[in-house]
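> Below are the structure tokens for one structure; questions will follow.
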Amino acid sequence: MKRKLENILITGGAGFIGSNFIHYLFKDNSFKGKIINVDKLTYAGNLENLQDIEKIHGGKRYFFEKADIGDFDRIADLFQKYEIDTLINFAAESHVDRSILGPKDFIETNIIGTFNLLEVARKLWGEVGKEEALFHHVSTDEVYGSVKDGDCFYEYTAYQPNSPYSASKASSDHLVRAYNKTYGLPITISNCSNNYGPYQFPEKLIPLMILNILEEKPLPVYGDGKNVRDWLYVEDHCSAIWHILKYGKVGETYNIGGESELENIELVNILCELIAQIKGRDKDYYKKLICFVTDRPGHDRRYAINCDKLKKELGWQQSYKFENGLDETISWYSENKGWVDRVKSGEYKKWLVINYESR
Ligand code: NAD
Ligand code: TYD
């Protein structure tokens, strides 16, 4: 394999999974290259997640560039400035509920933004050589829609997205695949199940519930709470992507999953019990906070991933059992109250101005 993996442009690196991935790569001794983090810093982008990386590697092996993936000239300049040989596209509008309230940004970033990145790579990678370059697109299992009990999503499962978010991701996946088939662009795609772990914006289920339990606020469960999600600890998602970058076959799609399926209500009950144990409360103490609220429109009933291809063909394996990942996550949110407060109050944007933009 002649893949370079030296100058890696990461889009959306200031978000939840992107920032975890940057931490992951700098901890991995097999990575010797540079990371160029390109992020527009929407509400979900928080450079505070990377202040340790900036301190240690900034200006040497880590570079931040504030940019919109939809800006062709800017992205093309960055490709040339840093001699990019690898692109990992994490940047996206990622929250289903926001996509229901206003789909436009999802179309612009997830579809048109991805299209723009593909165009830059198609036009500029002639010089790098197709065997050395790779465009990896990070996607979701939500593109497959909802799956019946006893069945699961395979890489060949037909796409049936049900929310504006998943429809926009499905569209971007199709474009990425088409650029390989049509122009020979070296691509790989991964479709991953629900992630959880440090730095997740507290509008998503697990951090929202942890923080509300800690503050004894209502725990809003949509519908009857029996929707099933498959949970993967974010570090395992990062190791899967790194595996695909190193060993994945060009043109292929790989499913990534936690093989930890739970109904939402089961998960919320587990969180209540774990936090009750930590706080020395009665097992059921926090369950009184659970309230069933109006269901999300088009709410997918069940996601379940089959990730045998990644395991068998590339030798990947999850490292975290669900219980361990949850313990880590509860500890992280309990110990990082400052981060949480700054995110919830909007203070993290001021942090950015003081610590970054003023330099
Ligand atoms: P996130 O919302 O936490 O982060 C997204 C990042 O992208 C933010 O830093 C944001 O500022 C940046 N961004 C948004 N629009 C941009 C634009 N136009 N140009 C440049 N940067 C922009 O999302 P996440 O949870 O970290 O998800 C990352 C990727 O993984 C997404 O593509 C998402 O679809 C996919 N994914 C997420 C999950 C999950 O459970 N979170 C599961 C499977 C796949
Ligand atoms: P979420 O974290 O938004 O991820 P996704 O929609 O991408 O799966 O939601 C996970 C599940 O939790 C989903 O079935 C919706 C449900 N949910 C609630 O019941 N209450 C909430 O407050 C949130 C945010 C989600």
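> Take every DSSP beta bridge with both residues inside the chain and express the antiparallel ones as a percent of the total, to the nearest 5.
Numbers: 3 of 41 bridges.
So the antiparallel bridges amount to about 5 percent of the total.
> From Cα pairs below 8 angstrom and at least 6 apart in sequence, can you work out the relative contact order of the chain, rounded to a whole percent?
Once normalised by length, the contact order is 18 percent.
> If you don't mind, there's one more thing I want to ask. Tell me the net charge near S94. Cut-off is 12 Å between Cβ atoms, S94 excluded, with +1 for each Lys or Arg and -1 for each Asp or Glu.
Values: positive: R98, K169, K204; negative: E93, D97, D105, E142, E203.
It works out to a net charge of -2.
> For region 105-116, take each phi angle, set θ = phi - 60°, evaluate the Karplus expression 6.51 cos²θ - 1.76 cosθ + 1.60, and give the result in whole Hz per residue in order, putting x for glycine and proline.
In residue order, the calculated couplings are 4, 5, 5, 5, 7, 6, 9, 5, x, 5, 4, 4 Hz.
> Could you work out the local net charge near G258, counting Lys and Arg as +1, Asp and Glu as -1, over the other residues with Cβ closer than 11 Å to its Cβ?
Computed value for this residue: -3.
> Next question. Name the residues whose placed amide hydrogens come within less than 5 Å of the amide hydrogen of H137, ignoring near sequence neighbours (fewer than 5 apart) on the same chain.
Correct list: N89, T188, I189, S190.
> Per the helix-only calculation at 222 nm, which mean residue ellipticity applies to the chain, given -39500 (n - 2.57) for every DSSP H run of n ≥ 4 and division by its residues, nearest 500 deg cm²/dmol?
-12000 deg cm²/dmol
> Same structure, new question: Calculate how steeply helix 234-247 sits against the longest principal axis of the alpha-carbon atoms of the chain, using the helix alpha-carbon long axis, and give the answer as 0 to 90 degrees to the nearest 10.
20 degrees
> Rounded to whole Å, give me the distance from the Cα center of region 227-261 to that of region 85-147.
Value for the Cα centre distance between the two parts: 16 Å.
> Right, another one. List the trypsin sites (Lys or Arg not before Pro) within region 1-62 that DSSP assigns to loop and that have no more than 13 neighbouring Cβ atoms inside 10 Å.
Loop-located and lightly packed - K2, K32, K60.
> I've got another one for you. Could I have the simple spin-label model distance between A76 and Y159, label points 7 Å from Cα toward Cβ, reported in nm to one decimal?
Reported label-point gap for A76 and Y159 is 2.6 nm.
> Under 5 Å between amide hydrogens, which residues at least 5 positions from Y62 or on another chain qualify, with H placed 1.01 Å from N in the peptide plane?
Close amide H contacts, sequence-distant or interchain: I35.
> Here is a further query. Could you tell me what percent of the accessible area of the chain is made up of carbon and sulfur, with a 1.4 Å probe and every protein chain present?
Of the solvent-accessible surface of the chain, carbon and sulfur hold 50 percent.
> By how many degrees, between 0 and 90 and to the nearest 10, does the Cα long axis of helix 264-279 differ from the longest principal axis of the chain?
Helix 264-279 and the main axis of the chain meet at about 70 degrees.
> Also, I was wondering about something else. Enter the accessible area per residue of region 1-117 (Å², integer; probe 1.4 Å; all protein chains in place).
So region 1-117 comes to 42 Å² accessible per residue, rounded to a whole number.
> May I ask you to list the chymotrypsin sites (Phe, Trp or Tyr not before Pro) in region 1-75 that are in a DSSP loop and have at most 15 other Cβ atoms within 10 Å of their Cβ?
Sparse-neighbourhood loop chymotrypsin sites (Phe, Trp or Tyr not before Pro): Y43.
> Sticking with this structure for a sec: Which distance in nm do the two modelled labels at D308 and N324 give, with both placed 7 Å along the Cα-to-Cβ direction?
2.5 nm
> Can I ask one more? Does region 222-303 classify as rounded, prolate or oblate by the C-alpha gyration tensor (a ≥ b ≥ c root eigenvalues; a/c under 1.5 gives rounded; else a/b over b/c gives prolate, otherwise oblate)?
The shape class here is oblate.
> To continue, here is another question. Estimate the FRET efficiency between E65 and I100 by the formula 1/(1 + (r/R0)^6), using the beta-carbon distance for r and 30 Å for R0, to the nearest 0.05.
My answer for the efficiency is 0.45.
> So what's the net charge close to Y286: Lys and Arg +1, Asp and Glu -1, counting the other residues with Cβ under 12 Å from its Cβ?
My count for the surroundings of Y286 gives +1.
> Quick query: amide H of F292 versus all other amide H atoms, modeled in the peptide plane; which residues come in under 5 Å with a sequence gap of 5 or more or a different chain?
V221
The values are calculated or read from the model by the stated rules, or taken from the named source; none is laboratory data. The model shown is predicted, which means the values in this text are computed figures rather than measured ones. Positions of Cβ are generated from backbone atoms using ideal geometry, with glycine treated the same way; all protein chains shown enter the neighbour counts. To get the accessible areas, we keep the full protein, side chains included, count just its heavy atoms, and leave off ligands, DNA and RNA. Shrake-Rupley method; radii C 1.70, N 1.55, O 1.52, S 1.80 Å.
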